[in-house]
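Have a look at the structure below before the remarks.
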DNA sequence: CATGGGATTGACT
DNA sequence: GTCAATCCCATGC
């Protein structure tokens, strides 16, 4: 598998990128977490911000692969994506949940919560826990910017499901989760350990 | 220029 | 299960 510190990792089908990001580690400053949930978005499909073409908001989405696309959601939260596919194609992998690895006390302080499972089990939660804000939109994820994504140290068992919180193209199975992680956001997809009989 | 709608979360019934 | 917070931006007149 390609290395997420190289641009080629992101210059592939956004679905492959999303799937391969599960198990990788995101670091920002002293805080880091293992990715346990990712969704893919592509310009050909109406749930993607790039569906309506190049606008001021989506400029980074169409930029070179390996950039962070950070945008404001519901006027309140920052959501972190990895820009994927070739430059000029609007596609990105939305990082939706992490298992805290490093800097857990700093995460607790930023989140105002104690339970480790609740620090990063949602896309707006993990940016708050890591201290990632909108000013990091457009920065590199390849190790030469403030946010870094490091390779897997193990091979996760991945379950797929439909994406969360959208009302267009809801049927596409473009959500990828670590089947065994306790930090996946709800609702859990079919086949997730917490949901098994 | 006015309006409507989110790739969410946390609090509450 | 419901709901408000909150603000940028895409859309339409």
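Every read-out reported here was derived from the displayed coordinates using simple, explicitly stated rules and does not represent laboratory data. Values in this document were obtained by computation on a predicted structure and should not be read as measured data. Glycine also receives a Cβ, built like all others from the backbone with ideal geometry; neighbour counts cover every protein chain displayed.
Overview of values
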read-out: Whole-Å distance, taken between Cα centres, linking segment A:8-47 and segment A:143-169; value: 4
read-out: Global form of segment A:17-61, assessed from the alpha-carbon gyration tensor, a/c cut-off 1.5; value: oblate
read-out: Length-normalised contact order of chain A in % [C-alpha pairs under 8 Å, at least 6 apart]; value: 26
read-out: Computed lengthening from residue A:59 to residue A:160, 0.36 nm per intervening residue step minus Cα-Cα distance; value: 33.5 nm
read-out: Net length gained if the chain between residue A:30 and residue A:74 were fully extended (0.36 nm per residue, minus Cα distance); value: 13.1 nm
read-out: Length-normalised contact order of segment A:93-197 in % [C-alpha pairs under 8 Å, at least 6 apart]; value: 23
read-out: Relative contact order %, segment A:83-128, counting alpha carbon pairs below 8 Å whose residues are six or more apart; value: 36
read-out: Fewest-first sequence of A:45, A:85 by Cβ atoms within 10 Å of each Cβ; value: A:45, A:85
read-out: When chain A is reduced to its Cα atoms, the Kirkwood hydrodynamic radius in Å; value: 16.4
read-out: Extended-chain gain in nm, criterion 0.36 nm per residue less alpha-carbon gap, residue A:109 and residue A:168; value: 17.6 nm
read-out: Rounded, prolate or oblate (a/c below 1.5 giving rounded, otherwise prolate when a/b exceeds b/c) for segment A:1-92 by Cα gyration tensor; value: oblate
read-out: Footprinting exposure proxy for A:120, A:177, A:24 (fewest neighbouring C-beta atoms within 10 Å first); value: A:24, A:177, A:120
read-out: Helix-only CD estimate at 222 nm, as mean residue ellipticity for chain A, using -39500 (n - 2.57) per DSSP H run (n ≥ 4); value: -3500 deg cm²/dmol
read-out: Centroid-to-centroid separation of segment A:57-75 and segment A:89-116 [C-alpha atoms, Å]; value: 18
